[in-house]
């Protein structure tokens, strides 16, 4: 992972480009008069906990039953 340092003016004028760089894995340090004051880093991936959608979607019991011969032919 690489780090790039930019001054405040450059950060303001190129924020979209800097965010693309962050999204691709780079860290961006924003500096005022050469002194680092902030760091842009990618957000950690946030995924819902396993099982958190339980009860939201229901699958009928028939879902796991074998397909009939005519249904199988339709898939071929």
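Restricting the calculation to alpha carbons of the chain gives Rg and Dmax of 25.0, 75 angstrom.
Expressed to the nearest 5 percent, the antiparallel share of DSSP beta bridges inside the range 1-42 is 50 percent. Ranked by the mean number of other Cβ atoms within 10 Å of their residues, highest first, the peptides 13-25, 32-44 fall in the order 13-25, 32-44.
Per residue, the average separation of C-alpha pairs within less than 8 Å and at least 6 apart gives the range 3-61 a relative contact order of 29 percent. Tally the DSSP beta bridges in the chain and give the antiparallel ones as a percent, rounded to 5. The answer is about 45 percent antiparallel.
Laboratory data are not the source of any read-out in this text; all were calculated from the coordinates shown. If you're wondering where the values come from, they're calculated on a predicted model, not measured in any experiment. Note that each Cβ is placed from the backbone with ideal geometry, even for glycine, and that neighbours are counted across all protein chains shown.
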